[in-house]
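So the structure is just underneath, and the comments pick up after that.
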Amino acid sequence: MQILVLIKQVPEMEKVQFDAEKGRIDRKSAGVEVNPFDLNALEAAVKIREKLGGSVTALTMGPKRAESALKEAAARGADRVFLLTDKNFAGADTISTSAVLSAAARKLGDFDLIIAGEMSVDGDTAQVGPQTAQFLEINHAAYVSEITSVSENEITVNTSLWEANYSKTFNYPLLLTVTKDLNSPRLPSFKDKMKARKIEVEKLDYEAVKNQLQVKEVGFKGSPTWVENIVVPQKIERETKVYNKNETEKAIADLKEILAAKNLMEA
Ligand SMILES: Cc1cc2nc3c(=O)[nH]c(=O)nc-3n(C[C@H](O)[C@H](O)[C@H](O)COP(=O)(O)OP(=O)(O)OC[C@H]3O[C@@H](n4cnc5c(N)ncnc54)[C@H](O)[C@@H]3O)c2cc1C
């Protein structure tokens, strides 16, 4: 089974700051990590390889620093790792990202299965997986929360999107986007990490996809989306007052007073 996993490097969202003036994430304010859902995607791929044999390839499009995400993917079981990086790819929206990822997938081989995260924690659009399947003209199942059976010929998955759940069996080639309920990603051992340090991150630039995509179809030029305006929501400071157990009456009286002052209840 030849499996491709799409990996995105994202800022650590709980630490990252927003530059309100420039209207964008201040990427220097936090470290980077592999998009958490992509670890579930990788874990699923490695489990399938352990069962059926074959290989797991990890692919990311990003700047040079995204190599560390690929090294982590290798520590967690990817056999080969590829970085798509080129100045022509800069400024890509989700369509142009998906176009380049699908062109690279075609170039790298005949994958039976492509697995992506359900969404990224920074961009959050959940568009790249389905769009990549669309560019490759293959089926996809989004929000997969369980793989109930898998063989060399077919795979059965359950998907969960709010209350819209279904179970379906697919033949390959197929693209899945997966949720965090699918599995618990393994932690790489020290030995795995040491081995991954030595793995070669294979680079792909525009040359690798130029037979499939013109310069005007990639990066900023190939991106029909533009950002009109970004507004950072104002932080609302909340006042907290803590009462002791024996101050219930006072707490109720104070609350009534506050609500009455705001005309939310009669005094
Ligand atoms: C006008 C515009 C300009 C932009 N310019 C830039 C820019 O200059 N630099 C920049 O970093 N971003 C830029 N972005 C953001 C970039 O388009 C998105 O980060 C990217 O398309 C992924 O979208 P997402 O984060 O919503 O991923 P989602 O669709 O939510 O991700 C779903 C899954 O797709 C896969 N995936 C997503 N992105 C990648 C990737 N790059 N490589 C491999 N797999 C991936 C992962 O498996 C992920 O879990 C720009 C966006 C817009 C609209």
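The values are calculated or read from the model by the stated rules, or taken from the named source; none is laboratory data. No experiment lies behind these values; they were computed from the predicted model shown. Heads up, the Cβs are rebuilt from the backbone with ideal geometry, glycines too, and the neighbour counts pull from every protein chain shown. Heads up: the accessible areas ignore ligands, DNA and RNA and are worked out on the full protein's heavy atoms, side chains in. Shrake-Rupley method; radii C 1.70, N 1.55, O 1.52, S 1.80 Å.
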Computed, not fitted: 222 nm per-residue ellipticity of the chain from DSSP H runs ≥ 4 (each -39500 (n - 2.57)), nearest 500, equal to -8500 deg cm²/dmol
Using 7 Å Cα-to-Cβ label points, what is the L52/A260 separation (nm, one decimal)? 7.0
Accessible area of the chain with a 1.4 Å probe: how many percent of it is carbon plus sulfur? 50
Cα-based helix-to-principal-axis angle, 36-52 vs the chain, degrees rounded to 10: 40
Label-point gap, in nm, between K22 and K198 - each point 7 angstrom along Cα→Cβ: 4.0
With the 1.4 Å probe rolled over protein heavy atoms, the chain has an accessible area per residue in Å² of 61
Identify the chymotrypsin sites (Phe, Trp or Tyr not before Pro) of segment 125-208 meeting these criteria: DSSP loop state and at most 15 other C-beta atoms within 10 Å of the C-beta. W162
With unit charges on the beta carbon (Lys/Arg positive, Asp/Glu negative), name the residue among S98, I230, L204 whose Cα is farthest towards the positive pole of the charge dipole of the chain. L204
Provide Rg and Dmax in Å for the chain, with only Cα atoms included in the calculation. 23.1, 76
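Strictly over 19 Å apart at the Cα level, which of K87/K210; K51/K195; K64/K198; K180/K235 would you flag in this model?
Correct reply: K51/K195; K180/K235.
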With a Förster distance of 51 angstrom and the Cβ-Cβ distance between Y166 and K250, calculated FRET efficiency to the nearest 0.05 equals 0.40
